[in-house]
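Let me begin by presenting the structure, written as structure tokens, before commenting on it.
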Amino acid sequence: MNALEFFVVNSPIFAVAIPLLGAFLTPIFGMINDKLRNVFAIFIMIITTGIVFALSYDVVTNGIRTYIFGAQDLSLPVVRILFEVDAMSCFMAIISVILAVVALIYSWAFMKENTGLDKYYTLLLLMTTGMLGMELTGDMFNFFVFLEITSISSAALVAFWINRGKSVEAGFKYIVISTIGALFVLFSIALFYGQYNALNMAIIANSIQFTFLDKIALVLLIGALAMKAGIVPLHMWLPDAYSKAPSSVTLVLVAATQASLYGLLRLCFTIYGNMITLSPVSIGWLLVLFGIVTILLGVIMAIAQTDLKRLIAFAAVGEIGYMILGIGTGLVTMSPSISAAGLTALKGGIFHIMNDALDIGLMFLVAGAIFYATRETSLDRLGGLARNMKYTTAFFIIGLLAVSGLPPMNGFASKLLIYESTYQLNPILAIIAILASILLLAIFVKVLHSAFLGPALPRFNEVKEVPKSMLFAMAIIAGIIIVFGVFPDIIITNIVEPAANALVNNAGYISKILSLTGGA
Amino acid sequence: MIFNFPFIAVAALIIVGLYAVVFRKNLIKMIIGITIIESGVNLFLITLGYREGSIAPIYTSSPGGIMSLPVPQALTLTSIVIGVAVLALMLSLVIHIYRHYNTLDVRKIGGDEE
């Protein structure tokens, strides 16, 4: 076994272990020098990104990769923890690491004036560890543990500006919601364990009988994970947490929300995958309904907001609706067998997960930049900033076009797939989705006008452009948005399509583990 | 086991905890509610692994007979540790909320004080 092979075989564990170790080494570097600590945190995250990309390349070319803790092979009953990485896990892991790297670069200047930054960097790296763990694991209990790691560190980060009552309140709300959700997840895990004597997702999926207890577990898990993913009507914590956290944290929170969404997909498509091939229509329609309600409520609430970050947070709720709509449409169209139209819808939904993370992330970074420059987030008091903040304005316009799904940005590529497939299912759904996008455009044009255009306000004469590290962080995301928008085909064939195929191929996911146990 | 007494206790604990979280207006009481739910879930896990008359799953110099299943106990231990961390974080956040608003009543916190 040469070095490269060793590296690839162990890459799933490196992807989690390196940020975890890095998180606790960061304060030691912080004792020496602040700059050294920042460089170290970014360095750790870039290494992790490299590992995740290497792992993804390997998974896309060679199929599912597993990593078993503490043994070479498995024996029944499976009590070992194992990581099972398929293309969908890789897709989500790529989103998480990109956002984490950008957030760390952005933090350099954005958080500079705060105290307690050692803890800030530790928590940010811990949160990334938790997300990567949730996305790579193949074990239900392990999923719960990483879910809790993510929840605890993100709640602490939401409340990082502890001198503001509202931040602390948002953090408290988030931890209460997360803990209750996680306890329901644990309860469902216990229901699975009691019935099937297994904690491994593939083994449970293989032996699941869809008893009454399984249905209870399904309801509890969907409730808990939908709550963490911010799907209406369980979205009440999301605008608070997104708008009160520091912008760099919000960026990673978006990824954490999507890690929960990934859990939901893994649950529906893999663990309950066999049931879904039996009766996909009802679950699919349910998701479509939730998607439409989420889109409408998110967008309509966004119209009424006067606080910039809260407005973007509601737009983020609306964007989550598009993903659910695409995935639900995929499920409905895919009955009774996997069809091309269904896969298109699913691809649209999955591609939109990444696009939403980038678009909404860029919007939050711009909002953070405005806050950094003016100490103001209320739209009523902002105005005329384009005079002094040229680059930020340009990034905002890119984000605006991307969020409202206009070409040539990435939002257009995925929303077009969603419109296309929902139109085939029911034209009304497509019309609602398009109208909501137009409303989003209107909302953000209003923001553009009230924050960046208009007469120069004397209060903002002294406002300067934000520091280079923040501009650089925004430029990375804006660059990715444009590249994805101009060449969507490359992304769809290389990353999105394998992810969609991996998600529907639950037989492959299960047989991979069964082959490790030696038969059965 | 006497009927399904542990399972009834689990259901009762979770319902009591949820009641406290949803209907109580005091933050500390909400936290107590969460810990009660947690105890219910932990009790459920432990009960799953227990068989009547079983001994602790320690192999060295075991007197023989059936052992209770060790996996749920490992899970419970992990869950307890996580629970402590969450509890500590929640209580520290409550301390800060109290400093800002001088009250623990959910109806009174959340006003703009900046």
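Observations on the structure shown:
- Heavy-atom SASA rank of A:ASP307, A:ASP380, A:ASP34 (probe 1.4 Å, accessible area, largest first): A:ASP380, A:ASP34, A:ASP307
- Multiplying the residue separation of B:LYS25 and B:ILE80 by 0.36 nm and subtracting their alpha-carbon distance yields 17.2 nm.
- Three-way shape label, the range A:393-468, alpha-carbon gyration tensor, a/c 1.5: prolate
- Subtracting the Cα-Cα distance of A:ALA507 and A:TYR423 from their residue separation scaled by 0.36 nm leaves 27.3 nm.
- Ligands, DNA and RNA excluded, the heavy atoms of B:TYR19 present near 120 Å² of accessible surface to a 1.4 Å solvent probe.
- On Cα atoms only, tilt of B:70-101 relative to the major axis of chain B in degrees: 10
- Of A:LYS35/A:LYS228; A:LYS347/A:LYS468; A:LYS119/A:LYS244; A:LYS390/A:LYS446; A:LYS35/A:LYS390, those spanning more than 25 Å from alpha-carbon to alpha-carbon: A:LYS35/A:LYS228; A:LYS347/A:LYS468; A:LYS35/A:LYS390
- Per-selection metrics, the range A:321-416 (Cα): Rg and Dmax in Å: 17.5, 58
- Think of it as helices only: each DSSP H run of n ≥ 4 in the protein assembly as shown is worth -39500 (n - 2.57), and spread over all residues that comes to -25000 deg cm²/dmol at 222 nm.
- Order of exposure, largest accessible area first, which applies to A:ARG164, A:ARG80, A:ARG266 with probe 1.4 Å: A:ARG80, A:ARG164, A:ARG266
- Cα coordinate range in the range A:36-111, projected on the principal axes (Å, largest first): 52, 25, 14
- Among B:ILE37, B:ILE28, B:ILE97, the largest mean-square fluctuation in a Gaussian network model of chain B (Cα springs under 10 Å) belongs to B:ILE97.
- Residue list for the range A:361-393, given a label point 7 angstrom along the Cα-to-Cβ vector of A:LYS446 and an amide N cut-off under 13 Å: A:379-380
- Three-way shape call for the range A:279-486 based on the alpha-carbon gyration tensor, with the a/c threshold at 1.5: prolate
- Beta bridge orientation in the protein assembly as shown: antiparallel %, DSSP, nearest 5: 90
- Remark: the range B:20-114 carries a charge dipole of roughly 200 debye about the Cα centre, counting +1 on each Lys and Arg Cβ and -1 on each Asp and Glu Cβ.
- Note on exposure: A:GLU5, A:GLU319 ranked by accessible area (1.4 Å probe, complete protein assembly) read A:GLU5, A:GLU319, with the most exposed listed first.
- Chain A: mean projected area of Cα convex hull, nm²: 22.6
- Summing Lys and Arg as +1 and Asp and Glu as -1 over all other residues whose Cβ lies under 15 Å from the Cβ of A:ILE180 gives a net charge of +2.
- Chains A and B together, accessible area buried on both sides, 1.4 angstrom probe, square angstrom: 2900
- In this structure A:TYR419 has an accessible area near 30 Å², from a 1.4 Å probe over the protein heavy atoms.
- Near-label residues of the range A:358-374 by backbone N, under 12 Å of a point 7 Å along Cα→Cβ of A:LEU457: A:371, A:374
- Cα Rg, Dmax, the range A:184-291, angstrom units: 15.3, 45
- Efficiency of FRET from Cβ geometry, A:LYS468 and A:TYR57, R₀ 30 Å, rounded to 0.05: 0.45
- Label-to-label distance for A:VAL79 and A:LEU435 is 5.8 nm, based on points extended 7 Å past Cα in the beta-carbon direction.
- Between the exposed loop cleavage positions of chain B, defined as trypsin sites (Lys or Arg not before Pro) in a non-H, G, I, E, B DSSP state with at most 14 neighbouring beta-carbon atoms within 10 angstrom, the longest gap is B:52-106.
- Estimated FRET transfer efficiency when R0 is 35 angstrom, pair A:ILE216-A:ASN163 (beta carbons, to 0.05): 0.20
- Per residue, the accessible area of chain B comes to 58 Å² when a 1.4 Å probe rolls over the protein heavy atoms.
- Selection of trypsin sites (Lys or Arg not before Pro), the range A:372-461, meeting DSSP coil and at most 13 other Cβ within 10 Å: A:ARG375
- Peptide B:41-47 - average C-beta neighbours from other chains (10 Å radius): 4
- Think of the protein assembly as shown as a dipole: +1 on every Lys or Arg Cβ, -1 on every Asp or Glu Cβ, centred on the Cα centre; then among A:TYR272, A:VAL102, A:PHE187, A:VAL102 lies furthest on the positive end.
- Comparing B:GLY64, B:GLY40, B:GLY83 in a Gaussian network model of chain B, where Cα atoms under 10 Å apart are tied by springs, the biggest mean-square fluctuation is seen for B:GLY64.
- A simple count of charges around A:ALA205, restricted to other residues whose Cβ falls under 12 Å of its Cβ and scoring Lys, Arg +1 and Asp, Glu -1, yields 0.
- Accessible surface computed residue by residue for chain A, with neighbouring protein chains in place and a 1.4 Å probe, gives 34 Å² per residue.
- If you plug the beta carbon distance of A:ILE300 and A:LEU406 into 1/(1 + (r/R0)^6) with R0 = 25 Å, you get a FRET efficiency near 0.75.
- Degrees between helix B:27-49 axis and first principal axis of chain B (Cα, 0 to 90, nearest 10): 10
The values are calculated or read from the model by the stated rules, or taken from the named source; none is laboratory data. Everything quoted here is computed from the prediction, not taken from an experiment. We place every Cβ from the backbone using ideal geometry, glycine too, and count neighbours over all the protein chains shown. For the accessible areas, the whole protein counts, side chains as well, though only heavy atoms, and no ligand, DNA or RNA atoms are used. Shrake-Rupley method; radii C 1.70, N 1.55, O 1.52, S 1.80 Å.
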